[in-house]
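Each reported figure results from applying straightforward, stated rules to the coordinates on display, with no laboratory input. Predicted model only: the values in this text are computed from it and were never measured. Neighbour counts run over all protein chains shown; Cβ positions are idealised from the backbone, glycine included.
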Amino acid sequence: MVSGRRPKKKETTMRAVEANLRRHLAILCDEIGPRSLYQPQALERAARYLEATFADYGYTVTPQEYSWMGGSFRNLVLELPGQGDTEEIVVMGAHYDSVPGTPGADDNASAVAALLELARLCREVRPARSVRLVAFTLEEPPAFLTPWQGSRVYARELRRRGEQVVGMVALEMLGYYSDRPNSQHFPLFPLRWFYPTVGNFVAVVSNLRSRSLMLKVREAVRRGCDLPVESLAAPPLVPGLSLSDHSSFWHYGFPAVMVTDTAFFRNPNYHCSSDRPATLDFARMVECVRGLRQVVMELGG
């Protein structure tokens with residue numbers, strides 16, 4: 001008999017997470033490729049892949065369909081039903097479109113892959129509050145900040161129905177990390193005096209009204225994983241602070257934060273054809289998924 005150390009359950013689970021992240025990125029970026037308003041067939045293929053994967057994990061996917069500029073688009077919504085006596089809900093989402101001409105590995109297939117893995121890892125979770133996982137369509141221009149941005153359509157419907165959203169977490173670019181000195185840049189120069197200049201951390205950012213939620217998410221991520229975690233609550237006028245789906249929820253008065261690798265303040269491949277899976281750090285992405293699972297657990301109660 002050959003003796004040896006049996007792999008620990010955590011190690012086995014994390015290897016599975018990494019393998020799944022790699023598979024999702026390969027399909028979204030290499031097989032499907034650029035997926036946008038201007039590549040509707042690819043965008044539809046991405047939507048169908050997400051629907052099929054969520055269904056394989058045992059979820060019922062509810063599409064939110066709408067039309068714009070002669071095309072039909074849809075957000076994909078699934079829910080971990082709340083088991084408590086509250087009608088409060090938590091929303092966690094990522095956009096599955098990319099800018100034309102880029103496979104969009106970091107922006108935003110990295111976050112979509114994380115969302116898929118969260119759905120898989122949390123399917124047995126029974127939260128007190130309902131937790132909705134949403135794959136948003138049309139985050140990128142020309143839809144961004146218009147009434148037809150996917151997350152804007154969804155947030156508007158939540159407000160119309162009077163739903164009690166206690167927090168929204170936008171997942172935006174989660175895969176690019178660097179240990180090089182001065183690899184991290186900032187929207188305002190003085191911030192470099194307060195934050196690391198090495199881009200090896202994940203950031204949680206919000207507007208001032210969402211600061212309480214930002215602190216909860218930051219601490220949950222820290223408890224759930226081994227990644228360094230930084231945070232910032234500031235006015236939306238700070239460059240980059242509002243550039244994702246969380247701003248749609250701010251627009252309708254809901255507290256919301258963004259979890260991100262800081263995008264173009266770190267990643268030189270942002271919105272370029274070079275934004276490919278080979279540029280991502282999958283080991284750190286696994287840690288990020290672990291931290292986000294803890295966010296689901298804590299915000300869901």
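With the biggest extent put first, the Cα atoms of the range 1-141 measure 64, 44, 21 Å across the principal axes.
Using +1 on the beta carbon of Lys and Arg, -1 on that of Asp and Glu, and nothing else charged, what's the dipole of the chain about the Cα centre, debye to 20? Kindly include the intermediate steps, with their values, before the conclusion.
Working: 35 positive and 32 negative charges, 148 e Å.
That gives the chain a dipole magnitude of about 720 debye.
Averaging 1/r over each pair of different alpha-carbon atoms in the range 79-237 and inverting the result gives 17.3 Å, the Kirkwood hydrodynamic radius.
Using the Cβ atoms and a cut-off under 13 Å, what net charge is assigned to the surroundings of Trp250, where Lys and Arg are +1 and Asp and Glu are -1?
Values: positive: Arg152, Arg156, Arg159, Arg209, Arg211; negative: Asp245.
Net of charged neighbours comes to +4.
Note on the chain: antiparallel DSSP beta bridges, both residues inside, total approximately 40 percent of the bridges counted. Placing +1 on the Cβ of every Lys and Arg and -1 on the Cβ of every Asp and Glu, with no other charges, gives the range 80-195 a dipole of roughly 220 debye about its Cα centre. The H on the amide N of Gly199, modeled in the peptide plane, is under 5 Å from the matching H of Ser178, Arg180, Ser183, Gln184, each at least 5 residues off or on a different chain.
Can you give me the orientation-averaged projected area of the convex hull built on the Cα atoms of the chain, in nm²?
Numbers: hull surface 67.0 nm².
Average of the hull's projected areas for the chain equals 16.7 nm².
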